Amino acid sequence: MATLDEKIEKAELNYPRQWGFKLIGKDKEKLLAVIREVMGEKEHLCSPGNASRTGKYHSYNASCHVESKEERDRLFKAFQDHDDVEIVI
């Protein structure tokens, strides 16, 4: 079974392109701060996603223009490694 990265590679994505990330965490204000921190001066869009039924988890959608797979991966890793992010998709 192919991994997500393998499937993306097979899709032959062309860069530059718009790319989106979904971040899930426990504190929506901290998620917004993470997006601002990771994106820095990079122009981006951000919109609230869903909250879990119990309100314990929240999500935000962030998107930006990426110049390369390396930039996309760097942003993904920065989100993934942040303590305030539970899951990034």
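The values are calculated or read from the model by the stated rules, or taken from the named source; none is laboratory data. Note that the coordinates shown come from a computational prediction; the quantities given were computed from them, not determined experimentally. Neighbour counts run over all protein chains shown; Cβ positions are idealised from the backbone, glycine included. Just so you know, the surface numbers come from the protein's heavy atoms only, side chains and all, with ligands and any DNA or RNA stripped out. Shrake-Rupley method; radii C 1.70, N 1.55, O 1.52, S 1.80 Å.
Within region 2-39, the set of residues being of a type in the set (S, T, N, Q) and modelled with pLDDT under 95 comprises T3, N14. Here region 26-80 is the region considered, the condition is being basic (K, R), within 26 Å of P16 (Cβ to Cβ) and in contact (Cβ under 8 Å) with a residue 24 or more places away in the chain, and the residue that is least open to solvent (accessible area, probe 1.4 Å) is R72. Mind listing just one residue for me: the one in region 16-25 that is of a type outside the set (A, V, I, L, M) and part of a strand (DSSP E or B) and, of those, most open to solvent (accessible area, probe 1.4 Å)? Selected residue: Q18.
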